[in-house]
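The structure that follows is given in the form of structure tokens.
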Amino acid sequence: MMLKALRLEIVKVRDVHWGIQVILVILGILAAFFVSGWFIALSGGNPAEAFAAIFRGAFGEPRKVYDTLMRATPLIFTGLATVIAFRAKIWSIGQEGQLYAGAMLAYTLYRIFQPMLDRPLLLLVVVLGGFLGGGLLGLLAGWLKARFNVDIIISTVLLNYIVTTMLLFLLYDHKYWMGAETYYPRTDTITKDAWFPIIFEDARLHMGFLIAVGFAITVYWVLKRTPYGYDLRAMGSNPVATMFKGIDVNKLIMVTMFISGGLAGMAGSGEVFGVHHNVNMAVSAGYGYTGIIVAMVSELNPLVVILVSIFFGAIINGSVVMATQTGIHTSIIFVIQAFVLLAILISRALMSYRIRRVPHAG
Amino acid sequence: MEESNHNAEGHGPILLETRGLTKHFPMVVANDAVDFNVSQGEIHCLLGENGSGKSTFAESLFGFYMPDSGEILWKGEKVEITSPSDAMDLGIGMVHQHFMLVETHSVLENIMLGLNTRGPLLDEKSARARITELSDQYDVNMDPDAIIWQLSVGEQQWVEILKALYNGVELLILDEPTAVLTPQESERLFSVLKKMSREGLSIIFITHKLNEVVAVSDRVTVLRKGKKIDTINSWEITKASLARMMVGRDVVFRVQRDEVERGQPLLEMQGVRTCNDQGLECVRGIDLTLHEREILGIAGVAGNGQKELFEVLIGMRELDSGDVLLNGQPISGKSSGSIRSQGIAHVPSDRIKEGLVMDFTIAENMILGSEWSKPFRKGTQLNNKAINSFAEEGMESYEIAAPSIDHVTGNLSGGNLQKVVLAREIGSNPSVLLANQPTRGLDVGVIEYVHQQFLELRSRGVGILLFSEDLDEILTLSDCIAVIFQGEILDVIDAEEADLEKIGLLMAGVRDGE
């Protein structure tokens with residue numbers, strides 16, 4: 001109403017030039033860093049020093065860059081898992097549980113097949129196990145939705161708890177998975193023949209990153225160019241019309257949840273066989289949830305997920321250096337992540353409106 | 001009084017006037033410098049095709065939209081109406097096409113909703129008395145305690161009108177009020193409106209039906225593509241001249257219909273029964289047979305089971321009993337996908353909710369439901385070449401007004417949306433076409449084209465089941481007319497012997513000899 005007095009009105013804008021979009025997003029991220037810097041100052045640190053340390057820690061030397069990419073790998077997978085579900089307007093937040101389910105099935109298969117398979121076959125089994133483990137857990141939530149109309153948000157959140165609690169149970173007993181030479185809740189170290197191959201010598205970046213990039217491109221192609229992707233987008237936009245035109249929406253939900261879960265599960269097998277080389281309760285540093293933020297910031301575009309994951313991976317990786325050099329706790333990265341998401345969402349919302357003068361109102 | 005209008009003979013002073021009222025929307029001018037006035041005690045029709053700017057104009061008067069330029073004068077004084085409550089304070093009331101009622105509340109509560117009351121308490125007693133008084137005055141039988149959803153659509157409309165009268169309006173705007181009424185209910189509405197106008201109420205009556213203009217109005221203003229064409233006294237008009245003003249060219253009222261011998265039974269309904277979403281039985285034992293080369297029209301007022309029967313036939317609603325056969329094979333209980341793959345195409349009544357994906361491009365919408373079938377899929381991929389050429393063809397033959405086939409569907413107007421649906425469904429080479437209100441919201445010119453397409457399909461052997469509230473459409477196209485009332489087919493009449501009055505009575509549930 002105040003606007004009307006000033007002879008202004010807010011109108012919706014349909015097309016915004018992509019250049020303006022990019023500038024707005026960059027401004028948004030800068031604003032997020034600015035506010036985060038204020039938080040760092042509040043906690044007694046020097047923001048400029050902290051951000052410089054993060055940057056050095058993330059990109060300071062080639063090895064640091066590889067580590068950043070390694071950190072980005074699980075985020076790409078969980079980000080893609082979110083993209084494919086959210087594009088269909090299936091609000092799955094089960095990526096964290098699916099990640100662990102993938103890790104657990106991959107580890108189970110490793111224990112069964114390690115004695116009898118060669119390295120290439122063993123790697124294949126482990127990778128597929130990751131996909132299958134997460135996928136089956138996703139499928140369970142999808143089936144509950146299709147069969148009993150159980151809300152996906154509820155079922156996936158509860159399954160997250162169930163899976164992580166189950167893992168805890170397995171890891172706390174020598175009868176099950178607890179390592180022979182440890183009293184920490186973790187398994188024995190995995191034999192080297194099942195480790196994911198390293199891409200560059202002397203760095204920890206493993207083949208999972210290449211698989212992740214390959215999957216990002218595949219998901220992009222599936223969404224854009226295949227009838228399945230078409231159905232998925234149609235359901236996301238108008239499920240009623242999709243049903244009227246004879247598409248089996250229940251089947252579509254189950255397939256989509258299987259694929260989404262499978263992608264999240266790949267993050268789990270990647271972390272276990274590429275980074276930690278054992279199963280423990282810290283296999284995921286909240287990657288399932290961060291993946292949701294990654295997907296939202298990427299506007300559910302699978303290719304942008306790669307870039308955003310690297311950006312978030314850099315913050316995670318750099319924060320370790322920041323913590324040792326400046327003494328600021330690494331938890332500040334969650335503050336940064338949250339503000340980046342808020343800034344992107346706000347700049348998105350602002351982008352679709354503009355204020356204009358009302359010509360001769362009355 | 002600033003000026004008197006020579007056309008407003010026999011009426012009081014001018015109540016409301018607009019000068020050069022203009023409203024732009026992205027890509028279109030909805031109203032282009034419209035000069036308009038309505039006198040006290042006058043019924044003024046606003047006539048135009050869909051998309052001609054009638055509703056936009058009315059909603060500018062009611063404060064829904066702010067005009068970009070031009071001015072509104074109320075009793076000779078310039079006013080700025082920035083919201084519906086401004087309009088109501090002045091004394092302008094509006095009954096929309098879609099009623100703004102709270103379904104689970106009573107008539108009384110709905111009428112009192114949003115009123116400015118003095119003090120913290122509602123004065124139910126005096127409100128009840130006033131409603132009863134108004135109902136008696138206009139001979140409307142209305143129980144103030146009836147719950148809205150229990151009322152028929154016609155009665156709900158009366159609630160809307162009473163609500164406006166209760167507010168003490170001097171100008172009542174009715175947006176296509178007869179769209180949901182039977183012919184008899186419409187007649188009744190007209191006679192009450194005339195009575196109201198004699199008592200000094202001014203009425204703006206928005207319509208695209210020529211008959212109504214002749215029946216009810218004192219003057220008529222014709223809009224075309226946002227521009228005012230003319231304002232004329234109703235006794236000086238003919239239907240043909242109005243149609244010419246409305247469309248901009250001469251209109252043929254009947255399309256050429258060839259005699260075709262009907263063929264084998266295609267789609268048979270045997271004792272079909274089903275329930276609506278509330279669990280009440282709303283299709284109660286329907287037996288009908290649709291043949292090859294036949295258009296079977298189903299006439300009836302909306303809400304008599306057409307939607308549910310349509311959904312049963314396309315596999316979206318379960319049957320409680322009975323059978324549906326296609327070419328002698330049962331299809332009841334099959335999924336919508338398998339029914340569609342057997343050659344049944346369908347045009348749903350709600351194109352936005354049930355027919356289209358608004359975020360998709362036109363090309364994408366043109367293949368909705370066919371994305372897994374042959375020319376549109378090549379291996380694992382969509383075949384963009386086939387999709388694009390199919391879409392281009394549809395866009396051209398249906399004259400869809402859009403920059404390109406890659407345009408987002410949600411930006412199209414209602415008529416163009418319907419054209420996308422029709423192009424897709426007719427283009428899928430069906431053997432049976434089920435069409436629920438296929439031309440609602442279309443321009444006269446396009447309706448003509450669609451009707452020709454339907455007849456063309458019929459001559460190719462397709463059977464068409466046509467659900468329509470528009471009796472003219474039913475009479476124009478059908479070989480056979482079935483009248484549906486409260487979920488039952490009251491009669492099936494050969495189109496040759498059909499007369500409007502008899503069908504109208506059947507639509508209201510009156511059988512011969514009753």
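The values are calculated or read from the model by the stated rules, or taken from the named source; none is laboratory data. The structure displayed is predicted, hence computed values, not measured ones. Glycine also receives a Cβ, built like all others from the backbone with ideal geometry; neighbour counts cover every protein chain displayed.
List the strands (runs of 3 or more DSSP E) that sit entirely inside the stretch B:256-351 and contain at least 3 residues that are within 14 Å of chain A (Cβ to nearest Cβ), surrounded by 21 or more Cβ atoms within 10 Å (Cβ to Cβ) and not charged (D, E, K, R).
Numbers: elements: B:265-275, B:281-291, B:294-299, B:321-326, B:344-347.
In the stretch B:256-351, B:344-347 are the strands (runs of 3 or more DSSP E) which contain 3 or more residues that are within 14 Å of chain A (Cβ to nearest Cβ), surrounded by 21 or more Cβ atoms within 10 Å (Cβ to Cβ) and not charged (D, E, K, R).
Now, a different point. Please state which one of B:Arg273, B:Arg224, B:Arg317, B:Arg244 is touching a Ser or Thr at 6+ places or on another chain (Cβ under 9 Å) and outside the structural domain of B:Ser478 (by TED's automatic domain parsing).
Numbers: B:Arg273 fails: outside the structural domain of B:Ser478 (by TED's automatic domain parsing); B:Arg317 fails: outside the structural domain of B:Ser478 (by TED's automatic domain parsing); B:Arg244 fails: touching a Ser or Thr at 6+ places or on another chain (Cβ under 9 Å).
It is B:Arg224.
Further question on the same structure: How about the stretch B:357-394: which of its residues are of a type in the set (A, V, I, L, M), crowded, with 21+ Cβ neighbours inside 10 Å and more than 9 Å from chain A (Cβ to nearest Cβ)?
Listed by number, the residues that qualify are B:Ile362, B:Ala363, B:Met366, B:Ile387, B:Ala391.
Residues checked against (1) within 11 Å of chain A (Cβ to nearest Cβ); (2) among the polar types (S, T, N, Q); (3) under 20 Å from A:Gly229 (Cβ atoms):
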{"site": "B:Glu396", "(1), (2), (3)": "no, no, no"}
{"site": "B:Asp406", "(1), (2), (3)": "no, no, yes"}
{"site": "B:Val421", "(1), (2), (3)": "yes, no, no"}
{"site": "B:Pro438", "(1), (2), (3)": "no, no, no"}
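Given (1) aliphatic (A, V, I, L, M); (2) under 20 Å from the mean Cα position of the chain (by Cα); (3) crowded, with 17+ Cβ neighbours inside 10 Å; (4) assigned by TED's automatic domain parsing to the domain that holds B:Cys45, identify the lone condition not met by B:Val159.
(4)
Answer yes or no: is there a residue in the stretch A:153-160 that is farther than 19 Å from A:Ile84 by Cα and polar (S, T, N, Q).
Looking for residues that are farther than 19 Å from A:Ile84 by Cα and polar (S, T, N, Q), one finds none in the stretch A:153-160, hence no.
Let me confirm something: among A:Gly270, A:Gly265, A:Gly291, which residue is more than 14 Å from every other protein chain (Cβ to nearest Cβ), in contact with a strand residue (DSSP E or B) (Cβ under 8 Å, 6 or more places away or on another chain) and in contact (Cβ under 8 Å) with a residue 12 or more places away in the chain? So that I can check it myself, show each step before the final result.
Numbers: A:Gly265 fails: in contact with a strand residue (DSSP E or B) (Cβ under 8 Å, 6 or more places away or on another chain); A:Gly291 fails: in contact with a strand residue (DSSP E or B) (Cβ under 8 Å, 6 or more places away or on another chain).
None of the other options fit; the residue is A:Gly270.
If you check A:Leu252 against the conditions, is it within 28 Å of A:Gln21 (Cβ to Cβ), part of a helix (DSSP H, G or I) and either of a type outside the set (Gly, Ala, Ser) or more than 14 Å from chain B (Cβ to nearest Cβ) (or both)? Please lay out each step first, then the result.
Values: within 28 Å of A:Gln21 (Cβ to Cβ): no; part of a helix (DSSP H, G or I): yes; either of a type outside the set (Gly, Ala, Ser) or more than 14 Å from chain B (Cβ to nearest Cβ) (or both): yes.
So A:Leu252 fails the test.
Go through A:Gly142, A:Gly214 for me and flag whichever is closer than 26 Å to A:Arg119 by Cβ and at pLDDT 95 or above. Even if it seems obvious, please write down each step before you answer.
Numbers: A:Gly142 fails: closer than 26 Å to A:Arg119 by Cβ.
Exactly one of A:Gly142, A:Gly214 is closer than 26 Å to A:Arg119 by Cβ and at pLDDT 95 or above, namely A:Gly214.
Can you list the helices (runs of 4 or more DSSP H) lying wholly within the stretch A:201-245 that have 3 or more residues being of a type outside the set (A, V, I, L, M) and away from chain B (no Cβ under 11 Å)? Working first, answer last.
Numbers: elements: A:208-225, A:227-237, A:239-244.
So the answer is A:208-225.
To keep it simple, each residue is scored yes or no on (1) of a type in the set (A, V, I, L, M, F, W, C); (2) part of a helix (DSSP H, G or I).
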residue	(1), (2)
B:Ala58	yes, yes
B:Leu73	yes, no
B:Asp86	no, yes
B:Asp89	no, yes
B:Gly93	no, no
B:Asp136	no, yes
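Which of the residues that make up the stretch B:74-106 are free of Cβ contacts under 8 Å to residues at least 12 places away in the same chain and either surrounded by fewer than 13 Cβ atoms within 10 Å (Cβ to Cβ) or within 14 Å of chain A (Cβ to nearest Cβ) (or both)? Break it down into steps so the answer makes sense when it comes.
Step one: of the stretch B:74-106, the residues free of Cβ contacts under 8 Å to residues at least 12 places away in the same chain are B:77-80, B:89, B:98.
Of everything in the stretch B:74-106, those that are free of Cβ contacts under 8 Å to residues at least 12 places away in the same chain and either surrounded by fewer than 13 Cβ atoms within 10 Å (Cβ to Cβ) or within 14 Å of chain A (Cβ to nearest Cβ) (or both) turn out to be B:Glu77, B:Lys78, B:Val79, B:Glu80, B:His98.
In addition: Would you please name the residue that is farthest from B:Ala402 (Cα to Cα), looking only at residues in the stretch B:343-375 that are in contact (Cβ under 8 Å) with a residue 60 or more places away in the chain and of a type outside the set (A, V, I, L, M, F, W, C)? Walk me through it before giving the result.
Of the residues in the stretch B:343-375, the ones in contact (Cβ under 8 Å) with a residue 60 or more places away in the chain are B:343-349, B:351-352, B:355-356, B:366.
Next, only the ones that are of a type outside the set (A, V, I, L, M, F, W, C) stay: B:343, B:346, B:348-349, B:351, B:355.
Details: B:Gly343: 29, B:His346: 24, B:Pro348: 22, B:Ser349: 22, B:Arg351: 17, B:Gly355: 18 Å.
Result: B:Gly343.
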